[in-house]
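The values are calculated or read from the model by the stated rules, or taken from the named source; none is laboratory data. Since this is a predicted model, take the numbers as computed values, not measurements. With ideal geometry, Cβ positions are generated from the backbone for all residues, glycine too; neighbour counts draw on all protein chains shown. Side chains included, ligands, DNA and RNA excluded: accessible areas come from the protein's heavy atoms. Shrake-Rupley method; radii C 1.70, N 1.55, O 1.52, S 1.80 Å.
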Amino acid sequence: MHEIGSREAPAAPAAQLPRRRLLGLLGAASAVAVVEALASPSRASAAVLLGETTKGVDSVEEALAEAAQSAWGGYSNGRVPASALTPVLASVAGSGYLRQDAAARYFDMSLAFASAVGRPLAITEGYRDFARQQDYWNRYQAGTGNLAAYPGTSNHGWGISADFGASVDVAGSTAKRWMDANAPSYGWQPTGNGFSRPEAWHFDYTGAWTGPLTVARDLEVVLVRCTGSLPGVGAGFIATLGIRTMRHMSSTGMVNVMRALDVPYYELSSTAFLDAMDALAVPRSALVGNADYWLR
Ligand SMILES: [Zn+2]
């Protein structure tokens, strides 16, 4: 992993917020409730069980046993708490999480992708909770949705699959060719190519889980994404918040660079975002769309 030098925090005037308190504030605010799905899955026929799985299976029991091979951290598939996952940007709401090692390699890969292909790599959907898998499965069974794995058996439910956009979803594109050739060296395999109905966009992270990475860092800034709309700015505002500093991140590439450097990342509602700004004494006037500056 990359490591930021263990700089001492600058001598803090009394008005400044200790970094530990800042992290506590943001961590508490970004806790996300896990949605529990109550509906029971319908029985499946052998043919459709091959949906979005890397190995052929003939029964629900086989599919569940196969999926259990990828279990980690003592969690159930699709029921991994957000606090155990690493946030990533993803366009499907609520899916912006991956297992920590998969996310770290994704950030490294996205930097290489951007420099080679000329645009940022983007995730359409990452982690998928049980309720959403259930919904996808029901739609697949009804003939109205994409290929979907039986609920409880998708690698999306372990936080180790990602569906990519940025033209990776277009077979034969430069982006897809780069990913097929290079993603495996980051532990990401183009497994969707082998689905019964090929999915150019689907990749699985195949590295073995060895537990949370330990990262030595001592930063006075954190990266914060506002998941709601901010007054005068709109939705999707991403900023580094620090001791009386704020900088607007204007591109996914900039965000990914910060993430690759292990800058702590949080997602906050509009209300929590404004509260954090107030707690840090960052003036509301700093909230400007497309800004690119440091406040001192
Ligand atoms: Zn997928």
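Odds and ends about this structure:
- Among the residues listed as PRO190, PRO87, PRO151, the single one being surrounded by 18 or more Cβ atoms within 10 Å (Cβ to Cβ) and away from the ligand (no atom under 16 Å from the Cβ): PRO87
- Pair list, Cβ < 7 Å and 6+ apart or interchain, from the stretch 180-207 residues that are on the phi < 0 side of the Ramachandran plot to residues that are near the ligand (Cβ under 9 Å from one of its atoms) and open to solvent by 60 Å² or more (accessible area, probe 1.4 Å): GLY192/TRP201
- Some residue of the stretch 167-183 being within 15 Å of the ligand (Cβ to nearest atom), open to solvent by less than 10 Å² (accessible area, probe 1.4 Å) and closer than 26 Å to ALA84 by Cβ: yes
- Residue selected from the stretch 122-145 under the condition outside any helix (DSSP H, G or I) and in contact (Cβ under 8 Å) with a residue 60 or more places away in the chain, by the criterion farthest from ASP180 (Cα to Cα): ASP129
- Taking first residues from the stretch 268-288 that are in a helix (DSSP H, G or I) and partners that are aromatic (Phe, Trp, Tyr) and open to solvent by less than 30 Å² (accessible area, probe 1.4 Å), the Cβ contacts under 9 Å between residues at least 6 apart in sequence or on separate chains come to SER270/PHE237; PHE273/PHE237.
- Restricting attention to the stretch 219-262, the residues being under 20 Å from LEU280 (Cβ atoms) and charged (D, E, K, R) number 4.
- Checking each residue in the stretch 193-204 for being touching a Phe, Trp or Tyr at 6+ places or on another chain (Cβ under 9 Å) and either near the ligand (Cβ under 9 Å from one of its atoms) or assigned to a strand (DSSP E or B) (or both) picks out TRP201, HIS202, PHE203, ASP204.
- Test: GLY78 is among the small types (Gly, Ala, Ser), assigned to a loop (DSSP other than H, G, I, E, B), crowded, with 22+ Cβ neighbours inside 10 Å and in contact (Cβ under 8 Å) with a residue 12 or more places away in the chain: yes
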